Amino acid sequence: MIDFTLTENDQRILDEIRRQSLVCRQYARYYDEHEDEFPPDRLPEAADFRNPYKVVDVPDDGDTPRRVLHMLVAACQAWGDYGVMMKRGQRALGNLVLDVAGTPEQQQRWGHLTLAIAITEPGCGSDAKTLRTSAVLDGDEWVLNGEKIFVTTGCRCDGIVAAATIDRSAGYRAIHPFVVLKGTPGFEVTHREKKLGIHADDTATMVFQDARIPRDQLLGGDEKSTGGFSAVMSALNATRPAVGIAGLGIAQAALDFTREQLALEGIEVEWSAGIRSRSAAQQALIEIEADIEAALLDMLYAAWLSDGSTWQRLETTIAKAKSGEVARSAVRRCLDLLGALGISHDYLVEKWFRDARITDLSGGTGEIQRLIIAREILGYSSAELC
């Protein structure tokens, strides 16, 4: 039987994260307004707190499965702020591709670096199979040409894992992941995006102009393999839960603030009263809470199914689609309830509204998630249902 009841040890961990998140929240507005600056790798208060993931990774007997608890920790962190962390992790999305597709030697060689993932292009958004960035073998070097956009952590990373095709006529089977390090001649970060929200999380545009890299920087080392694209998509699938759960953390932050503000005006949920006896505001609070809890249970179920293995494609996609939708709608409804307070710069709700919107876009839009769900349930390929 699936049971997500928290143990005392689980609750102690989450309480610790909540305390850390309140500190991070103090920096949220500053980095929202100063998008050109990066939050520090460690906040000044970091010495006073433990690394939450080191605690999670050493569970007591009977504690919640590790991956499930990781989701709850990530939600608590986003409840504080999406981009400002007590201690910034050294891994990025490209490290997941390295884990999946890299040889043991490659993992040892680059595993200590922060590697972003570069897939999206100006003419290739949700359909990654149509990417145009090329990699041509010239002796013992690959020559890369093309452009990548919306590269998360693109400014702060040490390098990237770039998806490029070695033969455009061969379709997705010719797409491979390549490691390209900062400082490579012909490879340049040309622009930092100014976004609607999550300003503390940098997003970059990158250009390859005859950028030459050694032949062994193709992950897996085999250009004849047809599994490169699958490795990239597998890693992308693994990022979706983190984005989705962050959206739910933001939604919970907005709901908590809304409850507090309405309580000051004497509006609190009367749980013993029936729906006909409640005000519209009271009923809205109940519905928002129910939506967030339903989406959270979807996400925890996907994590429970995948604990100790790769993320299950269908369940993960369902959870991402649901969490993105709830993150948007929950924070929007909170804005409606708060009125002028919701759009005031004096409070973080309007920032949460902007941040939550992006969680439904990043890692694959809600529309694309629903398309993937339909393919998985109906048994269609991407060519048959697009």
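The values are calculated or read from the model by the stated rules, or taken from the named source; none is laboratory data. Predicted, not measured: the structure shown is a model, and the values here were computed from it. Neighbour counts run over all protein chains shown; Cβ positions are idealised from the backbone, glycine included.
Quick look at the numbers
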| read-out | value |
| --- | --- |
| Members of the range 165-185 that are more than 24 Å from residue 41 (Cα to Cα) and touching a Phe, Trp or Tyr at 6+ places or on another chain (Cβ under 6 Å) | 172, 175 |
| Some residue of the range 350-362 being over 15 Å from the mean Cα position of the chain (by Cα), closer than 26 Å to residue 67 by Cα and not assigned by TED's automatic domain parsing to the domain that holds residue 26 | yes |
| Strands (runs of 3 or more DSSP E) contained entirely in the range 174-224, each with at least 1 residues that are over 22 Å from the mean Cα position of the chain (by Cα), touching a residue at least 60 places away in the same chain (Cβ under 8 Å) and surrounded by 15 or more Cβ atoms within 10 Å (Cβ to Cβ) | 175-181, 203-214 |
| Members of the range 254-298 found to be among the polar types (S, T, N, Q) and exposed (fewer than 11 other Cβ atoms within 10 Å of the Cβ), listed by number | 272, 277 |
| Matching option when the condition is farther than 21 Å from residue 150 by Cα, at pLDDT below 95 and buried (at least 23 other Cβ atoms within 10 Å of the Cβ), among 383, 319, 303 | 303 |
| Residues being aromatic (Phe, Trp, Tyr) and out of contact with any Phe, Trp or Tyr (no Cβ under 7 Å at 6 or more places or on another chain) - total across the range 107-164 | 2 |
